[in-house]
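The next block holds one structure in the form of structure tokens; read it before the comments.
The values are calculated or read from the model by the stated rules, or taken from the named source; none is laboratory data. Keep in mind it's a predicted model, so treat the numbers as computed, not measured. Here the Cβ is made from the backbone with ideal geometry for all residues, glycine too, and neighbour counts use every protein chain on show. Note: accessible area is taken over every heavy atom of the protein model, side chains too, but ligands, DNA and RNA are not part of it. Shrake-Rupley method; radii C 1.70, N 1.55, O 1.52, S 1.80 Å.
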Amino acid sequence: MISVEGLTKYYGPHRAIHDVSFQVEKGEIVAFLGPNAAGKSTTMRILTGFLPASSGSVNIAGFDVYSQSVEARRHIGYVPETPSLYPDMRVRQYLSFCGKLYGLSSSQIRESCDRVVDLCGLAERSDYIIGRLSMGYRQRVCLGQALLHEPDVLILDEPTLGLDPNQIVQVRELIRSLAGDHTVMLSTHILPEAQAVCERVIIINHGEIVAEDTPEALTAQLRQAQTVFIRVQDSNAEISRQLRDIPGVLAIEPVKDDKGAYYVSTEVGSDLRTRIAKFIVDHGWGLLELGSRELSLEDVFRHLTTEEKGVA
Amino acid sequence: MRNTFTIAARELSHYFVSPLAYVAIFFFVFISGFIFTLAITTGQAQADMGPLFHSMVFVSLMLAPVLTMGLIAQETDSGSIEMLMTKPVTDTEVAVGKFLGAVAVYVMILVVTLEFPIMLSIWGNPDWGLIAAGYIGLLATGIAFIAVGTFASSITNNQIAAWLTGTAILLFFWLVGWLSYSSTSWITDVAGRLSIYENFGDFTRGIVDGKNVLFFLSMTGVFLFMSVRALENRRTL
């Protein structure tokens, strides 16, 4: 349903994305996961035909988004990162404006408006002026306009950004309920969101795809390793080599720009902190700090990128 | 085509929910009314719209960039252009739709100013042929001015910059006519043909000449075409 081949985009000399390729099958929900500025929005905008790619091609529902742009867009419902609606219009008025642009007939517009107003929980706000709505409701209107024409492909750029926890749960449920009839591609920088909603996750970092798998497989990879942070006084090359001799230690990585500090990856379920401490003290390296480290999204990316490279 | 009218209708309703349309109508009618009053109460006090048309066309020149400055610049600035351009609409439909929305407001303003000839006909005996020609001229020039303003709005995301650009282009086409008085070479001819003032002049004398109409139509076409290209170009930036 979505087919992306070798997509590259330059903003002037800056390369936003590089050689991004992936496929999304009909009825799938796929998350595009990455930290801020990883190239998620750029990719989404190219998918919708809003931005042209510097090279590469995108095919949506059988139409090339560049050469058959209008046809392709008929099959896309798009929620941009910031919902910029017309603040002077009323909710229903805006939805019917969008319906007309999608080419729906006036009876179809009435039915579709009723449907999305219900679906997105806008019933009480359907006569409000959009400018007076809260961020959460604007996001719903934005989602509503994307669903009006029952598109084959839904492209949602950070659909839960700026929502409160209750609304986030509602929106996620809504997105899950759309699977099957619609093909959904959503971007997010929140790992649990991708886990909660999607069947498949594509991870992008610095404009390149670094991993592509089911959320279960990715979390399994994550759980495999725990990280211990150590800082020693007497830093030398021996440390990395010798620490590896401790059973259960997977990898040692010096912290960038911080002499004497290391991340030690250990196997899951084995708390090696006392053993590492004893080892360092025995060798007389001068242990300054030691602690276990929560895995942040950044670590996930580091782990994933290094492991993927290891595989290749 | 349907999309064009959908966008034009949305633009028109946008004018009337903001104070802009009301301020524009007030501004235009107040200034032309002031000049109209002066014209019929001083001097020869004739039931003649000719001099008034000259003033009205200049007021349109000042007003058109104000009406159009937000058409595209505002949407680019707020980001709503992304919502609009990802719908199955073409760049031409967007540019022409927005242009037509502004033209509709301008036509409404002209309709309000019909009070002047109506008043003249109550107390005098005006030349209806001349009035009709004058209004055709005002319509043709106004449409061209709005096309220029649409173009100015399409090349920036700053409304003030769009207004200044539009005004500058229009003033150039107004003032270029002065060259035809000062110079004697081929410039005289070219300058005269490019001048808004010269091309509008015949209408105020009751003459609807094809070459004048063609001038304003071409101006409209050229600037609308450039607006569409600017919209396309924005995507490639």
Qualifying positions in region A:58-70 - surrounded by fewer than 20 Cβ atoms within 10 Å (Cβ to Cβ) and of a type in the set (V, I, T): A:V70
Every residue from region B:45-74 that is open to solvent by less than 10 Å² (accessible area, probe 1.4 Å) and farther than 20 Å from B:V29 by Cα: B:L71, B:I72, B:A73
Condition met for A:M44 (within 15 Å of the chain's Cα centre (by Cα), within 11 Å of chain B (Cβ to nearest Cβ) and at pLDDT 90 or above): yes
Residue in region B:56-79 that is within 14 Å of chain A (Cβ to nearest Cβ), of a type outside the set (D, E, K, R), touching a residue at least 60 places away in the same chain (Cβ under 8 Å) and more than 30 Å from A:E71 (Cβ to Cβ) present: yes
Residues that are open to solvent by 20 Å² or more (accessible area, probe 1.4 Å), closer than 27 Å to B:Q74 by Cβ and among the hydrophobic types (A, V, I, L, M, F, W, C), drawn from region A:117-133: A:I129
Residue in region A:123-144 that is touching a Ser or Thr at 6+ places or on another chain (Cβ under 6 Å) and closer than 19 Å to A:L163 by Cβ present: no
Listing of strands (runs of 3 or more DSSP E) fully contained in region A:1-57 that carry 1 or more residues being over 19 Å from A:D157 (Cβ atoms), open to solvent by less than 20 Å² (accessible area, probe 1.4 Å) and assigned by TED's automatic domain parsing to the domain that holds A:V197: A:2-11
Yes/no for A:D114 being acidic (D, E) and crowded, with 23+ Cβ neighbours inside 10 Å: no
Options A:R172, A:R176: the member that is out of contact with any His (no Cβ under 7 Å at 6 or more places or on another chain), charged (D, E, K, R), over 25 Å from A:L101 (Cα atoms) and crowded, with 17+ Cβ neighbours inside 10 Å: A:R172
Residues of region B:201-216 that turn out to be surrounded by 15 or more Cβ atoms within 10 Å (Cβ to Cβ) and in a helix (DSSP H, G or I), as a count: 8
Residue check for A:D88: in contact with a strand residue (DSSP E or B) (Cβ under 9 Å, 6 or more places away or on another chain), closer than 30 Å to A:R125 by Cβ and open to solvent by 20 Å² or more (accessible area, probe 1.4 Å): yes
Wholly within region A:64-177, helices (runs of 4 or more DSSP H) carrying at least 1 residues that are touching a Lys or Arg at 6+ places or on another chain (Cβ under 8 Å), more than 10 Å from chain B (Cβ to nearest Cβ) and free of Cβ contacts under 8 Å to residues at least 60 places away in the same chain: A:91-101, A:106-119, A:135-147
Test: residue in region B:1-16 that is of a type outside the set (D, E, K, R), within 14 Å of chain A (Cβ to nearest Cβ), open to solvent by 30 Å² or more (accessible area, probe 1.4 Å) and not in a helix (DSSP H, G or I): yes
